[in-house]
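Student: Before I ask anything, here is the structure I am working with.
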Amino acid sequence: MSLFSPVPLGDFLLRNRVVMAPMTRARADAQGVPSPLATEYYGSRADAGLILTEGTGPSLAGMGYARTPGIYSPAQIAAWRNVTAAVHARGGTIFLQLMHVGRIAHSANRNIPDPPVAPSAIRAAGQMWTDSLGMQPNDMPRALELAEIPSVIEEYAQATRNALAAGFDGVELHSASGYLPNQFLSPGANQRSDAYGGSVENRIRFVVETLEAMIAAAGSPGKVGMKVSPGMNFNDIQFDDPMPEHLALAKAIAPHRPAYLHVMRAGIGAETALREAFAGTLLVGGGFGKAEAERVLADGRADAIVFGTSYLANPDLVQRLERDAPLNEPDKATFYTPGAKGYTDLT
Ligand SMILES: Cc1cc2nc3c(=O)[nH]c(=O)nc-3n(C[C@H](O)[C@H](O)[C@H](O)COP(=O)(O)O)c2cc1C
């Protein structure tokens with residue numbers, strides 16, 4: 001089994017096992033409409049087995065960063081349609097990553113006056129970039145009322161319908177990196193005493209119900225995947241041990257037969273434990289080069305490998321890996337800056 005062999009994933013047969021990682025690039029406009037450059041950026045990477053887009057807001061309430069895109073307005077859906085058309089014209093497969101930031105937000109980056117929502121009213125340590133005020137601490141969130149949780153889940157369902165209307169092949173629930181689903185999982189961020197907090201079973205509930213709602217909205221489990229990153233403490237996520245929650249989550253979603261589980265490894269071996277707990281297709285990412293990717297696939301430890309920074313810097317990554325050609329080095333200075341530099345000017 002090689003990186004360049006086809007692999008079934010949900011409703012699709014991917015032409016290779018090279019997956020482009022979801023990566024925020026902060027080129028959208030102030031209304032969350034993807035830049036016209038995004039069409040070229042994703043289109044030029046269409047020979048990946050699967051493209052996962054940058055984290056994209058399911059709703060206005062789910063936005064928190066400068067210049068990130070959404071999938072809740074007609075203008076956003078229209079702009080994404082150009083992206084999916086460019087990828088499909090080259091025979092590619094592309095899923096939209098749904099990222100509700102929860103408490104990782106600042107009012108200067110939001111188009112509504114409401115404070116960000118979170119499982120509990122606990123401010124996340126850390127700062128984020130705003131175009132008008134520079135670096136700012138994360139806002140103080142308000143705790144979601146029990147009665148409004150179904151409407152937040154419905155935002156993900158509606159976003160799934162919008163993504164399919166925009167031509168995406170599927171959607172990925174971003175349950176990693178300290179955003180809303182990860183906040184529900186974490187005993188640090190989630191101090192609720194109702195059915196969504198306390199026990200492991202309760203803390204996974206929001207994530208499981210959201211995935212179920214996305215599957216129902218998509219009309220097929222084979223169009224919905226999920227990303228997790230146990231062991232990653234980014235965005236002030238705290239666990240004594242993240243594995244009980246993540247193993248329980250993997251077991252709870254497995255009967256729904258989602259298209260895949262995507263694990264960003266963080267040095268605690270979670271991907272090995274999750275391989276055992278989850279019988280479906282497993283994507284693993286985090287610091288991979290070709291040699292290790294081939295080894296992990298050959299050992300059956302993953303079904304496809306997710307490449308982040310190397311894909312960002314090399315639009316023709318698949319061919320470079322195939323030919324063992326040298327890779328461009330990623331330029332951190334242009335990861336999140338507007339415009340073509342470091343985005344569509346790479347060869
Ligand atoms: C510029 C940049 C933006 C990222 N944005 C996201 C994101 O929006 N959603 C997400 O799930 N992960 C995001 N990540 C994490 C990547 O998906 C990936 O897990 C990480 O880069 C590790 O893979 P790598 O070592 O191959 O780069 C981002 C990473 C980078 C470098």
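Student: Mind checking which pairs have a first residue in the stretch 219-245 that is in contact (Cβ under 8 Å) with a residue 12 or more places away in the chain and a second that is outside any helix (DSSP H, G or I) and acidic (D, E), Cβ under 6 Å, 6 or more apart or different chains?
Tutor: Partner pairs satisfying both residue conditions: S220/D11; G222/D11; K223/D11; G225/E172; K227/E172.
Student: Another one. Looking only at the stretch 90-103, decide whether some residue is farther than 30 Å from G43 by Cβ and open to solvent by less than 20 Å² (accessible area, probe 1.4 Å). Before the answer, list the steps.
Tutor: Step one: of the stretch 90-103, the residues farther than 30 Å from G43 by Cβ are 102-103.
Right, trim to open to solvent by less than 20 Å² (accessible area, probe 1.4 Å) and you get 102-103.
There is at least one residue in the stretch 90-103 that is farther than 30 Å from G43 by Cβ and open to solvent by less than 20 Å² (accessible area, probe 1.4 Å).
Student: Answer yes or no as to whether A254 is buried (at least 21 other Cβ atoms within 10 Å of the Cβ), over 16 Å from the mean Cα position of the chain (by Cα) and outside any loop (DSSP other than H, G, I, E, B).
Tutor: Working: buried (at least 21 other Cβ atoms within 10 Å of the Cβ): no; over 16 Å from the mean Cα position of the chain (by Cα): yes; outside any loop (DSSP other than H, G, I, E, B): yes.
The answer is no for A254.
Student: Continuing with the same structure: Being part of a loop (DSSP other than H, G, I, E, B) and either surrounded by 18 or more Cβ atoms within 10 Å (Cβ to Cβ) or not aliphatic (A, V, I, L, M) (or both) is the filter here, so list the residues in the stretch 300-326 that pass it.
Tutor: Across the stretch 300-326, the qualifying residues are G300, R301, A302, D303, G308, N314, P315, D316, D324, P326.
Student: Here's something else I'd like to know. Please work out which residue is nearest to V263 (Cα to Cα), limiting yourself to the stretch 276-299 and to residues that are open to solvent by 20 Å² or more (accessible area, probe 1.4 Å) and touching a residue at least 60 places away in the same chain (Cβ under 8 Å).
Tutor: T281
Student: Which ranges mark the strands (runs of 3 or more DSSP E) fully within the stretch 73-140 that have 3 or more residues being not hydrophobic (A, V, I, L, M, F, W, C)?
Tutor: Values: elements: 94-98, 127-130, 134-137.
Where strands (runs of 3 or more DSSP E) fall fully within the stretch 73-140 and carry at least 3 residues being not hydrophobic (A, V, I, L, M, F, W, C), they are 134-137.
Student: While we're on this one: Is there any pair with a first residue in the stretch 315-340 that is within 12 Å of R25 (Cβ to Cβ) and a second that is open to solvent by 30 Å² or more (accessible area, probe 1.4 Å) and assigned to a loop (DSSP other than H, G, I, E, B) whose Cβ atoms are under 6 Å apart and which are 6 or more apart or on different chains, and what are they?
Tutor: Filtered contacts from the stretch 315-340: T334/K341.
Student: For residues that are of a type in the set (A, V, I, L, M, F, W, C), more than 9 Å from the ligand (Cβ to nearest atom) and touching a helix residue (DSSP H, G or I) at 6+ places or on another chain (Cβ under 9 Å), tally how many sit in the stretch 286-304.
Tutor: Restricting attention to the stretch 286-304, the residues satisfying the condition of being of a type in the set (A, V, I, L, M, F, W, C) are 288, 291, 293, 296-298, 302, 304.
Now narrow it down to the ones that are more than 9 Å from the ligand (Cβ to nearest atom): 291, 293, 296-298, 302, 304.
With touching a helix residue (DSSP H, G or I) at 6+ places or on another chain (Cβ under 9 Å) added as a condition, the list becomes 293, 296, 302, 304.
Qualifying residue count for the region: 4.
Student: Mind checking which pairs have a first residue in the stretch 68-80 that is over 15 Å from R110 (Cβ atoms) and among the small types (G, A, S) and a second that is within 16 Å of the ligand (Cβ to nearest atom) and at pLDDT 95 or above, Cβ under 9 Å, 6 or more apart or different chains?
Tutor: Every condition considered, the pairs that remain are A75/G32; A79/A28; A79/P34; A79/S35; A79/A38; A79/P69.
The values are calculated or read from the model by the stated rules, or taken from the named source; none is laboratory data. Since the structure is predicted, the reported quantities are computational estimates derived from the model, not experimental observations. When we count neighbours, we look across all protein chains shown, and the Cβ atoms used for this are built from the backbone with ideal geometry, even at glycine. Just the protein is used for accessible areas: all its heavy atoms, side chains included, with ligands, DNA and RNA removed. Shrake-Rupley method; radii C 1.70, N 1.55, O 1.52, S 1.80 Å.
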